[in-house]
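Working notes, beginning with the structure itself.
The values are calculated or read from the model by the stated rules, or taken from the named source; none is laboratory data. What you see is a predicted model, and the numbers here were worked out from it, not measured in a lab. FYI the Cβ positions are ideal-geometry reconstructions off the backbone, even for glycines, and counts take in every protein chain you see. What goes into the accessible areas is simple: the full protein's heavy atoms, side chains included, and nothing from ligands, DNA or RNA. Shrake-Rupley method; radii C 1.70, N 1.55, O 1.52, S 1.80 Å.
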Amino acid sequence: MQAFGYATHSADSELGPFRFERREPRPQDVAIDILYCGICHSDIHSARNEWGGTTYPFVPGHEIVGRVSAVGAGVTKYKAGDLVGVGCLVDSCRHCQSCSDGLEQYCENGWTGTYNGEDKIGGTRHTVTYGGYSDKITVDQRFVLRIPENLDPAAAAPLLCAGITTYSPLKHWKVGPGQRVGIVGLGGLGHMGVKFAHAMGAHVVMITTSPEKGQDARKLGADDILISKDADAMVNAAGTFDFLLNTIPVGHDTDPYMNLLKRDGTMVIVGAVETLTHTSGVPFIFRRRSMAGSLIGGLPETQEMLDFCGEHNITCDIEMVAMKDVNTAYDRTVAGDVKYRFVIDMSTLGQAATASPTA
């Protein structure tokens, strides 16, 4: 079936109107009319081939919320009209240990990304998947998620990436009441970390280089603010944290943060950072501290996160943009000029130029 969206055709070209194919629904497929799609920094890295391996034309978008328009004969979980979401993956091998455990994000044979992934299902002449900057998408029901109806669907869209990226480690390391938890960095990921840790009952400390962000952090649920550039404050806070969620998106020295942890404390890295440096093993060995990493979540945990958001009325803080302004939104995201996520209103696709390339 014909679809319409925005794509880029090279690493240095802007996104523009693009017509392409989606596969017709198979018995286990869900066809979705997309209402909103968040802009993730990963979209920008991929569109500009900053990580390498991007296949063009490229349609970004893996924070998708829409309404079911049709379902295949074998679909049991959804019906037309349901509010649903699609996150970072649309397929996996489904038979490795990780997939069997509901941890498809760690599929040992390689999961299929919502965009720029090898399309192993087929049904069109494309060899890679196209993402959510478009009017519709077809997805196997296993990789479709139910969005609680009480949530603002636009503000729920970034939960499919920014939300689960922060929820998963907090849940895995059993963050809860009685714990002192630090969220390092206040951006698209960090602001969700604050909201989730607060809702889980922890004492939440926002750790930031910017005193100006303290007021925002308190509104989001932070109990205290720690300025990481304040050497005295960092010394006084040493050994006081049970858990740190590190959302810093650029290379940095981890030693100052590791020193904040109690014995057996853990710092988890969730930013896609190429370079981390630490100069000493002392912060690790003398207090049995750990540093770990975490990706997104599997489908069961992502649904659990969405249900948790429905129960606690948690969504992302967003700024809505029209599709025609997506390139400006990219530049503003890179410049850090957004609180805290951009979301594209797909009803604005009609404003796009009528003449558009076709795949």
Unique match (being free of Cβ contacts under 8 Å to residues at least 60 places away in the same chain and surrounded by 15 or more Cβ atoms within 10 Å (Cβ to Cβ)) among K213, K174: K213
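Of everything in segment 131-164 that's of a type in the set (D, E) and open to solvent by 10 Å² or more (accessible area, probe 1.4 Å), which residue is farthest from G298 (Cα to Cα)? Break it down into steps so the answer makes sense when it comes.
Residues of segment 131-164 of a type in the set (D, E): 135, 140, 149, 152.
After this cut, where a residue has to be open to solvent by 10 Å² or more (accessible area, probe 1.4 Å) as well, the list is 135, 149, 152.
Values: D135: 25, E149: 22, D152: 23 Å.
Looking at residues that are of a type in the set (D, E) and open to solvent by 10 Å² or more (accessible area, probe 1.4 Å), I get D135.
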Got at least one residue in segment 39-54 being in the same structural domain as T124 (by the TED database), in contact with a strand residue (DSSP E or B) (Cβ under 7 Å, 6 or more places away or on another chain), surrounded by fewer than 22 Cβ atoms within 10 Å (Cβ to Cβ) and farther than 18 Å from G350 by Cβ? no
Which helices (runs of 4 or more DSSP H) does segment 112-222 wholly contain that include 3 or more residues that are small (G, A, S) and touching a strand residue (DSSP E or B) at 6+ places or on another chain (Cβ under 9 Å)? 153-156, 188-199
When you scan segment 42-92, how many residues do you find that are within 19 Å of R142 (Cβ to Cβ) and part of a loop (DSSP other than H, G, I, E, B)? 15
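Test of understanding: among V181, V128, V204, which residue is in the same structural domain as I64 (by the TED database) and either touching a His at 6+ places or on another chain (Cβ under 9 Å) or open to solvent by 10 Å² or more (accessible area, probe 1.4 Å) (or both)?
Numbers: V181 fails: in the same structural domain as I64 (by the TED database); V204 fails: in the same structural domain as I64 (by the TED database).
The conditions single out V128.
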Check whether at least one residue in segment 227-236 is touching a strand residue (DSSP E or B) at 6+ places or on another chain (Cβ under 7 Å), open to solvent by less than 50 Å² (accessible area, probe 1.4 Å) and under 20 Å from G176 (Cα atoms), and report yes or no. no
Inside segment 81-136, can you point out the residues that are of a type outside the set (G, A, S), over 27 Å from M346 (Cα atoms) and touching a helix residue (DSSP H, G or I) at 6+ places or on another chain (Cβ under 7 Å)? C93, E104, Y106, C107, E108
